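K.L.:
The structure that follows is given in the form of structure tokens.
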Amino acid sequence: MEQTKKCPSCGGTMIFQPGFDSLRCQSCGHKEVIPELVSKIPVDELDFLTAQNKASHDWGMEAKVVTCKQCGAETIQNKLQLSGLCPFCGSTTVETADPAQDIMAPDGIIPFKITEKRALYIFKDWIKDRFLAPELLAENAQLNKFYGIYVPLFTFDVLTENRFTGRYSEDGRTLLRCGKFRHQVDDFPVVASKQLASDKLLLNVMKDYRTNEAKPYTPDALAGFPCEHYSIGLSEAWNSVGPDMDFYLRNQACKQNETRYLKGLDMTTEYFDLKYKYLIVPVWINSFFYDNKLYTIVINGQTGKIDGQWPKSFGTFAKKAALFFLGSFGLD
Ligand SMILES: [Zn+2]
Ligand SMILES: [Zn+2]
């Protein structure tokens, strides 16, 4: 959702200012610190089993869901806000659907720390040695613009009890160890955006948040920034942790005894006391078309970590141009 707030001294529009935990008037520069973002109040962990009844649906404003006709992404915006471009595919064919009253509101927020200017700097540095970078930048104006958006992220806290059997080698012999250990998992992240979770490179950027720095949710931090509606629900998110959690717990097993187990560590895990937080987290996103294919680059709005897709070969247009160029030489 994009919040619209009026400036108390001139009536202009206040928007969130990345890096300053505050709102800034676009007309007169008047600044207001957002109290929630400078508070020391931690974001509550909620009990998973009673989640459905207790979850808040209050976004702190009248909100609407905007659906992109081209890629299907759903964003939540202030009802008064005009719908602009889709940040995921750059399409202008966005369509307003329902009011957002039944959509779970977030418990916490990580505000933008990285400014758009800084994001562009990080991006230019990242593409420096990439294929056709200067040509694509000159040819495609969309590449010079990043969109700021908040993306849904669930984090899970859970107590695990693990039993394992593993082989390891010591002094040239292979030994067997059976063991068990308890481990409290804290803030295990699951990105609740299908758009971003489907790509490994983008996902790595999205797993880089310092979630312990999250603040209680406030609609003020969304002034000027839309928020993506989660496309992966809470239960679905928890059900999807399997392979990642397994990998993480196997590493814990190795740490417990400072042992490097050989392949095929056998482990069973029981889970207790599952809790979660629903956060929205900041990302700068750039989607562009090259040779009819959509490429997406994301920058973590808190840490500045960047990754994404980049063309690896000439597009049809560039190929034709190159052939024409070579051809005109051949005629002389
Ligand atoms: Zn003002
Ligand atoms: Zn779209």
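K.L.:
Looking at ARG260, ARG177, ARG250 in this structure, which one is in a loop (DSSP other than H, G, I, E, B) and either within 26 Å of the chain's Cα centre (by Cα) or touching a residue at least 40 places away in the same chain (Cβ under 8 Å) (or both)? Full working, then the answer.
P.N.:
Numbers: ARG177 fails: in a loop (DSSP other than H, G, I, E, B); ARG250 fails: in a loop (DSSP other than H, G, I, E, B).
Just one listed residue meets the conditions, ARG260.
K.L.:
Anything in region 163-202 that is charged (D, E, K, R) and over 16 Å from ASP244 (Cβ atoms)? List them, or say none. So that I can check it myself, show each step before the final result.
P.N.:
Taking region 163-202 and keeping what is charged (D, E, K, R), we get 163, 167, 170-171, 173, 177, 180, 182, 186-187, 194, 199-200.
Matches in region 163-202: ARG163, ARG167, GLU170, ASP171, ARG173, ARG177, LYS180, ARG182, LYS194.
K.L.:
Any idea which of ALA214, ALA223, ALA253 is at pLDDT below 90, under 29 Å from PHE16 (Cα atoms) and surrounded by 15 or more Cβ atoms within 10 Å (Cβ to Cβ)?
P.N.:
Details: ALA214 fails: at pLDDT below 90; ALA253 fails: under 29 Å from PHE16 (Cα atoms).
None of the others qualify; the one that does is ALA223.
K.L.:
Got a sec? Which of VAL190, VAL185, VAL158 is part of a strand (DSSP E or B) and touching a helix residue (DSSP H, G or I) at 6+ places or on another chain (Cβ under 7 Å)? Break it down stepwise before answering.
P.N.:
Details: VAL185 fails: touching a helix residue (DSSP H, G or I) at 6+ places or on another chain (Cβ under 7 Å); VAL158 fails: touching a helix residue (DSSP H, G or I) at 6+ places or on another chain (Cβ under 7 Å).
On inspection, the qualifying residue turns out to be VAL190.
K.L.:
Select from region 40-74 the residues that are farther than 30 Å from SER91 by Cα and of a type in the set (A, V, I, L, M, F, W, C) and list them in ascending order.
P.N.:
The answer is ILE41, VAL43, LEU46, PHE48, LEU49, ALA51, ALA55.
K.L.:
Go through (1) charged (D, E, K, R); (2) free of Cβ contacts under 8 Å to residues at least 40 places away in the same chain; (3) within 30 Å of GLY148 (Cβ to Cβ) one by one and return the number of the condition ASP187 breaks.
P.N.:
(2)
K.L.:
List pairs: first residue in region 193-213 and closer than 20 Å to PHE112 by Cβ and in a helix (DSSP H, G or I), second residue small (Gly, Ala, Ser) and at pLDDT 90 or above anywhere in the structure, Cβ distance under 7 angstrom, at least six positions apart or on different chains.
P.N.:
Every condition considered, the pairs that remain are LEU202/GLY308.
K.L.:
So for region 29-43 (the condition being within 16 Å of ligand 2 (Cβ to nearest atom), at pLDDT 85 or above and of a type in the set (Gly, Ala, Ser)), does at least one residue qualify?
P.N.:
Start the filter on region 29-43 by keeping residues that are within 16 Å of ligand 2 (Cβ to nearest atom), which leaves none.
Checking region 29-43: not a single residue is within 16 Å of ligand 2 (Cβ to nearest atom), at pLDDT 85 or above and of a type in the set (Gly, Ala, Ser).
K.L.:
Scan (1) farther than 15 Å from TYR278 by Cβ; (2) at pLDDT below 90; (3) polar (S, T, N, Q) for the single condition SER231 breaks and write down its number.
P.N.:
SER231 satisfies every listed condition except (1).
K.L.:
Restricted to region 35-65, and to residues that are β-branched (Val, Ile, Thr) and within 20 Å of LEU153 (Cβ to Cβ), which residue is surrounded by the fewest Cβ atoms within 10 Å (Cβ to Cβ)? Lay out the reasoning, then the answer.
P.N.:
Initial filter on region 35-65 (β-branched (Val, Ile, Thr)): 38, 41, 43, 50, 65.
Next, only the ones that are within 20 Å of LEU153 (Cβ to Cβ) stay: 41, 43, 65.
Values: ILE41: 10, VAL43: 21, VAL65: 19.
Filtering region 35-65 for residues that are β-branched (Val, Ile, Thr) and within 20 Å of LEU153 (Cβ to Cβ), the one surrounded by the fewest Cβ atoms within 10 Å (Cβ to Cβ) comes out as ILE41.
K.L.:
How about region 103-155: which of its residues are within 30 Å of HIS57 (Cα to Cα), in a loop (DSSP other than H, G, I, E, B) and of a type outside the set (Phe, Trp, Tyr)?
P.N.:
Within region 103-155, ILE103, MET104, ALA105, PRO106, ASP107, ILE110, PRO111, LYS113, ILE114, THR115 meet the criteria.
The values are calculated or read from the model by the stated rules, or taken from the named source; none is laboratory data. Only a predicted model underlies this, so the values are computations on that prediction, with no experimental measurement involved. All Cβ positions, glycine included, derive from the backbone under ideal geometry; neighbour counts span all protein chains shown.
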